[in-house]
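Down below is the structure, laid out as structure tokens.
The values are calculated or read from the model by the stated rules, or taken from the named source; none is laboratory data. Here the structure is a predicted model, which means the values were calculated and not measured. Note: ideal-geometry Cβ built from the backbone for every residue, glycine included; neighbour counts use all protein chains shown.
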Amino acid sequence: MKRSNKQAKQKSEKKSVLSMGERLARLFEIPSDVIGSRPKVTAVGRGEVLIENFKGIMDFKEDCVRINTSNGVIKVMGSKLTIKEITSEEIIIGGKVSNIDYDA
Amino acid sequence: MFLVHLWNYIRGYVIIIAKGKSVERFINICAKRQILLWNIVRQDESSIICMASARGFKLMRPAAKKSGCSVHILNKRGLPFFFKGFKKRKGFKAGLLVFGLLFILFTSMIWEIEIKGCEEATAAQIMELLRAEKVGLGSFKMKLDPKKIASQILIDMDDVAWAGVEIRGVKLTVSIESAVEKPEIVDYSQVCDLVAERDGLITGFEVLAGSTRIKEGDTVKAGQLLVAGTLEAKYPEFGTRSVHAMGRVFARTWYEGRLPISYEYVRRFRTGERHENTFVRILGAKIGLFGNKVPYEQYEIVSLDKTMAGPFGTRLPIGLTVETYYEIKEKVVQLTREEAEELAKEQARQKLLSQLPADIRLLDEKVSLVTDDSGKEYVEIILECEEDIAKPVPIGGD
């Protein structure tokens, strides 16, 4: 809930215009992750972060992984970070996660 | 998760180390090109170690070039790499082929025969029949026609009502239903008398139909009328009626037998010499291991069979046979008078007993020694028994 609020705030700040499709989706109450090209972050415990729908990896270090998405950069910080899996649609980051940051 | 690992293992994967200025670009390009990478760990500032599918690795070269990274293989894991090592091993391939052939060969033979539904004696007969038809352990399934075998069993064996032969896997099952003995159908409409089967002294009778012509204590001869089928009425004007006479007439009868006494007896005895032959039995074939032809002219064989046991208590058709041959010599032995008599008595008794009908009651036995005119000595044995001597004989006419 917090997250979607954050994103909504981001949206209103960015002043992005919702497309027709997105407006229809919201009218029909279709879950938000189905529509649009927005990234979805799923964090399980402190050891796994799954990010879907991203553009690419910008940076990969043991303590910081930066992912480029259509909404900005997501920074995952921690220690002993590894990329468990990476495909064109999703990336799973493993290790000891301490921060998930959204950077503009 | 395990399944994914298994799948990767089956397809084969490599562990590579990628070095370069921007390994992230390398990862991005791989991801875009659907080359699956996993377990990516940063080694140091400019290198990462990751795992990639063997198929994906082949497509990695241009990706690496584009991102300016060098890729080296650290390790190869998976089934495809495992099998590569077998390419050179021709013997292995040959062995595998031989195994396959042997397997097919052995599963197209019969390894077990079961006969069920009847008792021992008939089962043994059926086994003999099968053996005559060349059906046994080791015969090929293709050559056997279950229907033909079943019909053969029905033809050859009298007391089998139904035979079913089934081949399932390597087992041949013969199911038998024994024929119930047909009850003797007595034709009650036919008129008959009861006559004596043999001579005897009447001890008792049970008459169900007919008029009795004898009484207890009478001596009758074979063929004499015991119970008549024609009934005469008290008042002669009513005429006679004919029935099928039925009943049992018990009489004391005698059987006698005679056997000459001989004072010589050929006795077979073991000399003490023995010879052993060892065989290995596989599916009915006997392969000699030790021993050769038996050096004795006359011998007795004692066979010791050991069959290998398979799992779950089944018996494999592989076994060891040790045949021991004991030399036998025949010696003519002189018997004493008592011994000769005893022997003759026993032989005479056995011979007589085998001639008696089944439902007879043995009362007494009389043994005597007889010398005839030429001086030859005999043992005479007379058995006194009680039996039913009534025999139905049809009356002609009516």
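When you scan the range B:341-393, how many residues do you find that are within 30 Å of B:Tyr188 (Cβ to Cβ) and β-branched (Val, Ile, Thr)?
So the answer is 3.
Can you tell me which residues in the range A:14-38 are among the aliphatic types (A, V, I, L, M) and not in a loop (DSSP other than H, G, I, E, B)?
If the condition is that a residue be among the aliphatic types (A, V, I, L, M) and not in a loop (DSSP other than H, G, I, E, B), then A:Met20, A:Leu24, A:Ala25, A:Leu27 are the ones that fit.
Which ones in the range B:233-253 are in a strand (DSSP E or B) and more than 19 Å from B:Phe205 (Cβ to Cβ)? Spell out the reasoning first.
Here is the first cut: in the range B:233-253, the residues in a strand (DSSP E or B) are B:240-242, B:244, B:246-253.
Residues satisfying the conditions are B:Thr240, B:Arg241, B:Ser242.
If you check B:Gly136 against the conditions, is it out of contact with any Pro (no Cβ under 6 Å at 6 or more places or on another chain) and modelled with pLDDT under 80?
Against the criterion (out of contact with any Pro (no Cβ under 6 Å at 6 or more places or on another chain) and modelled with pLDDT under 80), B:Gly136 qualifies.
Filter the range B:126-160 down to the residues that are closer than 20 Å to B:Leu283 by Cα and not in a loop (DSSP other than H, G, I, E, B) and list them by number.
Step one: list which residues in the range B:126-160 are closer than 20 Å to B:Leu283 by Cα, which gives B:126-144.
Once the filter is applied, which keeps residues that are closer than 20 Å to B:Leu283 by Cα and not in a loop (DSSP other than H, G, I, E, B), the range B:126-160 yields B:Ile126, B:Met127, B:Glu128, B:Leu129, B:Leu130, B:Arg131, B:Ala132, B:Phe140, B:Lys141, B:Met142, B:Lys143.
Any residue in the range B:227-253 that is more than 28 Å from B:Leu383 (Cα to Cα) sitting within a Cβ distance under 9 Å of a residue that is among the basic types (Lys, Arg) and part of a strand (DSSP E or B)? List the pairs, counting only those 6 or more apart or interchain.
B:Thr230/B:Arg241; B:Leu231/B:Arg241; B:Glu232/B:Arg241; B:Ala233/B:Arg241
Being among the hydrophobic types (A, V, I, L, M, F, W, C), more than 30 Å from B:Met127 (Cα to Cα) and at pLDDT below 85 is the requirement here; does B:Phe2 meet it?
Judged against the criteria, B:Phe2 is a match.
How about the range B:190-216: which of its residues are over 15 Å from B:Thr253 (Cβ atoms) and among the small types (Gly, Ala, Ser)?
Answer for the range B:190-216, where residues must be over 15 Å from B:Thr253 (Cβ atoms) and among the small types (Gly, Ala, Ser): B:Ala209, B:Gly210, B:Ser211.
Restricting to the range B:170-225, give me the number of residues that are assigned to a strand (DSSP E or B) and of a type in the set (A, V, I, L, M, F, W, C). Walk me through how you get there before you give the answer.
Start the filter on the range B:170-225 by keeping residues that are assigned to a strand (DSSP E or B), which leaves B:171-178, B:192-196, B:200-209, B:211-212, B:219-220, B:225.
Okay, now just the ones that are also of a type in the set (A, V, I, L, M, F, W, C), so B:172, B:174, B:176, B:192, B:194-196, B:201-202, B:205, B:207-209, B:220, B:225.
Result for the range B:170-225: 15.
When the residues of the range B:327-338 are filtered to those that are under 26 Å from B:Tyr299 (Cα atoms) and surrounded by fewer than 17 Cβ atoms within 10 Å (Cβ to Cβ), which remaining residue is nearest to the chain's Cα centre (by Cα)?
Among residues in the range B:327-338 that are under 26 Å from B:Tyr299 (Cα atoms) and surrounded by fewer than 17 Cβ atoms within 10 Å (Cβ to Cβ), the one nearest to the chain's Cα centre (by Cα) is B:Ile328.
So how many residues does the range B:260-281 have that are among the aliphatic types (A, V, I, L, M) and closer than 23 Å to B:Leu335 by Cα?
Kept after step one, since they are among the aliphatic types (A, V, I, L, M), are these residues of the range B:260-281: B:261, B:266, B:280.
Checking the rest, the ones that are also closer than 23 Å to B:Leu335 by Cα come to B:261, B:266.
The qualifying residues number 2.
In the list B:Leu352, B:Leu362, which residue meets the criterion of being in contact with a Leu (Cβ under 8 Å, 6 or more places away or on another chain), farther than 20 Å from B:Gly223 by Cβ and without any contact (Cβ under 8 Å) to a residue 24 or more places away in the chain?
B:Leu362
A quick yes/no check of all residues on (1) among the polar types (S, T, N, Q); (2) over 30 Å from B:Gly117 (Cα atoms); (3) at pLDDT 85 or above:
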{"residue": "B:Glu181", "(1), (2), (3)": "no, no, no"}
{"residue": "B:Glu184", "(1), (2), (3)": "no, no, no"}
{"residue": "B:Ser189", "(1), (2), (3)": "yes, yes, no"}
{"residue": "B:Asp193", "(1), (2), (3)": "no, yes, yes"}
{"residue": "B:Ala196", "(1), (2), (3)": "no, yes, yes"}
{"residue": "B:Gly200", "(1), (2), (3)": "no, yes, yes"}
{"residue": "B:Thr203", "(1), (2), (3)": "yes, yes, yes"}
{"residue": "B:Leu208", "(1), (2), (3)": "no, yes, yes"}
{"residue": "B:Glu216", "(1), (2), (3)": "no, yes, yes"}
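Considering (1) loosely packed, with under 12 Cβ neighbours inside 10 Å; (2) under 48 Å from the mean Cα position of the chain (by Cα); (3) assigned to a strand (DSSP E or B), say which one B:Ile113 fails and leave the rest.
If we test B:Ile113 against (1) loosely packed, with under 12 Cβ neighbours inside 10 Å; (2) under 48 Å from the mean Cα position of the chain (by Cα); (3) assigned to a strand (DSSP E or B), just (1) comes out false.
Within the range B:61-81, identify whether any single residue is among the small types (Gly, Ala, Ser), without any contact (Cβ under 8 Å) to a residue 60 or more places away in the chain and more than 24 Å from A:Phe60 (Cα to Cα), and answer yes or no. Even if it seems obvious, please write down each step before you answer.
Residues of the range B:61-81 that are among the small types (Gly, Ala, Ser), as a first pass: B:63-64, B:67-68, B:70, B:78.
Filter once more, so that each one left must be without any contact (Cβ under 8 Å) to a residue 60 or more places away in the chain: B:63-64, B:67-68, B:70.
Narrowing the set further to residues that are more than 24 Å from A:Phe60 (Cα to Cα) leaves none.
No, that holds for no residue.
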